[in-house]
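A short write-up of the structure that comes next.
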Amino acid sequence: MDKIIIEGGRPLNGTVQISGAKNAALPILAATLLASGVHRLRNIPPLRDIRTAKTLLYHLGATFEEGDPLSVHTDSVDGHEAPYDLVKTMRASVLVLGPLVARFKKARVSLPGGCAIGARPINLHLAGLERLGVKIELKHGYVEASAKKLSGNHIYFDIPTVTGTANLMMAAVLAEGKTVLENAAREPEVVDLARCLTSMGGSIQGVGTSVITIEGVSELQPMDHTIMPDRIEAATYLTAAGITRGNITITPCIPDHLEAVIHKLEQAGMEFQISEGSIKSIGAKVIRPIDIKTNPFPGFPTDMQAQIMAMMSLAQGQSIITEKIFENRFMHVSELKRMGADISIEGNTAVVRGRSKLQGAPVMATDLRASASLVLAGLAADGVTEVSRVYHLDRGYERLEEKLSRVGARIKRVSE
């Protein structure tokens with residue numbers, strides 16, 4: 001098992017290349033199941049979760065030609081079961097449910113269960129599929145879905161759900177008639193999936209708003225699509241500039257995707273120079289405290305809560321961070337406290353009292369974004385920080401230690 005060792009205390013300066021978005025690539029990989037033929041996907045990040053998704057597609061009968069573009073051959077897909085052994089390692093495996101039911105009128109997908117940061121049930125996915133005419137049965141830990149045909153309908157989500165919106169959009173695109181998804185997720189990754197489905201011949205309106213309208217079509221064509229840049233990776237490196245009082249330019253990126261994060265980092269004292277496709281971030285000598293509440297897009301992303309908390313541990317004053325998306329997303333707090341952070345938790349709110357410095361320490365990652373927060377803290381801390389369980393990092397960050405080394409970090413990966 002690998003760990004990352006960081007010798008902190010150096011401002012970071014330089015340019016970081018941003019990879020393709022994992023959270024856009026996963027549903028788009030699932031969408032290849034909707035049409036027989038050869039799909040070509042560019043800018044697919046070589047991450048652990050992507051490898052899991054490809055293993056699942058291979059299990060269903062797909063084959064691959066590696067490279068950029070990645071070619072996905074789906075003409076031989078004949079399976080309809082996503083087994084527990086694959087789904088348990090990556091919750092996003094449930095995204096094959098909608099495409100399988102849409103194309104084959106049947107699917108058997110293991111229930112994903114909970115995860116480290118919260119339960120994240122799929123009841124909204126299942127209720128939406130039933131509205132499209134799918135019969136849902138829960139047997140022996142599996143969702144068994146079947147339908148004679150899918151018919152468009154009006155579907156209202158009690159809460160916005162990114163994977164639920166994606167799953168229902170992929171199912172509805174091959175349903176008969178019109179489907180309206182109300183209170184749908186507005187995240188850029190949902191928009192990227194809709195662009196992909198439209199390029200395949202789908203008819204989708206309203207993406208990026210809370211009401212998405214899909215006119216079903218009888219068949220789709222294979223896609224040729226480029227995955228959007230990863231906005232959470234981009235925001236993490238912007239925060240790395242802030243916590244180290246450095247100067248980092250990120251490219252490629254879509255600045256509109258980062259408005260909420262940039263707004264808060266500006267409140268903390270950072271400056272930004274924004275151009276089409278790149279952002280230059282300039283850290284402040286004094287980090288000002290800020291208050292944050294996580295919310296669905298276009299609000300402040302829950303996937304950046306841990307990283308901002310690490311930065312606020314060095315702010316000159318008290319910050320209040322409220323987590324409104326997941327019920328168990330403060331597991332990084334105990335590890336940050338090992339590094340000297342002054343943080344107290346009450347319910348879904350963290351009070352962060354800034355300190356003048358953090359101390360390097362051995363810490364343990366508990367989930368993907370917690371891993372990133374500990375690396376950021378280590379970059380700014382006095383002394384040496386050792387982050388173990390970094391396999392979490394590999395789920396969402398491509399060659400993080402290499403990218404940080406190129407902008408001046410003293411960081412290395414070693415095998416324990």
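The values are calculated or read from the model by the stated rules, or taken from the named source; none is laboratory data. Only a predicted model underlies this, so the values are computations on that prediction, with no experimental measurement involved. Here the Cβ is made from the backbone with ideal geometry for all residues, glycine too, and neighbour counts use every protein chain on show.
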Residue hits (the stretch 192-203; surrounded by fewer than 20 Cβ atoms within 10 Å (Cβ to Cβ) and either in contact with a Phe, Trp or Tyr (Cβ under 6 Å, 6 or more places away or on another chain) or farther than 22 Å from LYS22 by Cβ (or both)) are GLY201, SER203
Search the stretch 343-357 for residues that are farther than 14 Å from ARG288 by Cβ and pair each with any residue that is of a type in the set (Phe, Trp, Tyr) and crowded, with 18+ Cβ neighbours inside 10 Å when their beta-carbon atoms are under 7 Å apart and the residues are at least 6 apart or on different chains. ILE345/PHE330; ALA350/PHE330
When you look at ASP230, is it over 30 Å from HIS73 (Cβ atoms), within 17 Å of the chain's Cα centre (by Cα) and surrounded by 16 or more Cβ atoms within 10 Å (Cβ to Cβ), yes or no? no
Contacts under 7 angstrom Cβ, first residue in the stretch 268-282 being under 25 Å from ILE321 (Cα atoms), partner charged (D, E, K, R), 6 or more apart: ALA268/ARG288; GLY269/ARG288; PHE272/GLU266; PHE272/LYS280; ILE282/GLU271
Of the residues that sit in the stretch 347-370 and are modelled with pLDDT of 95 or more, crowded, with 21+ Cβ neighbours inside 10 Å and among the small types (Gly, Ala, Ser), which one is farthest from VAL333 (Cα to Cα)? GLY360
Given the conditions (1) outside any strand (DSSP E or B); (2) at pLDDT 95 or above; (3) closer than 22 Å to ALA82 by Cα, report the number of the one that VAL207 does not fulfil. (3)
Over the stretch 139-156, the set of residues touching a residue at least 12 places away in the same chain (Cβ under 8 Å) and in a strand (DSSP E or B) is TYR142, VAL143, GLU144, ALA145, SER146, SER151, HIS154, ILE155, TYR156
Residues in the stretch 301-328 that are part of a strand (DSSP E or B) and modelled with pLDDT under 95: how many? 0
THR322 passes all but one of (1) touching a strand residue (DSSP E or B) at 6+ places or on another chain (Cβ under 6 Å); (2) among the polar types (S, T, N, Q); (3) farther than 19 Å from ASP291 by Cα; which number fails? (3)
Any idea which of LEU168, LEU181, LEU193, LEU197 is assigned by TED's automatic domain parsing to the domain that holds LEU29, out of contact with any strand residue (DSSP E or B) (no Cβ under 7 Å at 6 or more places or on another chain) and not aromatic (Phe, Trp, Tyr)? LEU193
Can you name every residue in the stretch 68-99 that is in contact (Cβ under 8 Å) with a residue 24 or more places away in the chain, surrounded by 18 or more Cβ atoms within 10 Å (Cβ to Cβ) and of a type in the set (Gly, Ala, Ser)? ALA82, ALA92, SER93, GLY98
Residue count, the stretch 157-177, condition free of Cβ contacts under 8 Å to residues at least 40 places away in the same chain and not hydroxyl-bearing (Ser, Thr, Tyr), comes to 4
Counting only residues that are assigned to a strand (DSSP E or B) and of a type in the set (A, V, I, L, M), which one in the stretch 1-43 is farthest from LEU376 (Cα to Cα)? VAL38
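Report yes if LYS293 is assigned to a loop (DSSP other than H, G, I, E, B), under 27 Å from ALA185 (Cβ atoms) and among the basic types (Lys, Arg), otherwise no.
Considered against the rule, which asks whether it is assigned to a loop (DSSP other than H, G, I, E, B), under 27 Å from ALA185 (Cβ atoms) and among the basic types (Lys, Arg), LYS293 comes out as no.
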Tally of residues being buried (at least 24 other Cβ atoms within 10 Å of the Cβ) and of a type in the set (Gly, Ala, Ser) across the stretch 146-184: 6
Could you count how many residues in the stretch 50-80 are over 22 Å from PHE104 (Cβ atoms), among the hydrophobic types (A, V, I, L, M, F, W, C) and assigned to a helix (DSSP H, G or I)? 1
Residues of the stretch 31-50 that turn out to be touching a strand residue (DSSP E or B) at 6+ places or on another chain (Cβ under 6 Å) and not aliphatic (A, V, I, L, M), as a count: 6
Strands (runs of 3 or more DSSP E) lying entirely in the stretch 329-401 (those with 3 or more residues that are more than 24 Å from GLU416 (Cα to Cα)): 342-346, 349-353
Within the stretch 51-82, restricting attention to residues that are of a type in the set (Val, Ile, Thr) and in contact with a strand residue (DSSP E or B) (Cβ under 9 Å, 6 or more places away or on another chain), which residue is nearest to TYR397 (Cα to Cα)? VAL72
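The rows are residues; the columns are (1) modelled with pLDDT of 95 or more; (2) in a helix (DSSP H, G or I); (3) buried (at least 20 other Cβ atoms within 10 Å of the Cβ).
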residue	(1), (2), (3)
ALA234	yes, yes, yes
THR239	yes, yes, yes
ARG245	yes, no, no
ILE248	yes, no, yes
CYS253	yes, no, yes
LEU258	yes, yes, yes
LEU265	yes, yes, yes
ILE274	yes, no, no
ILE279	yes, no, yes
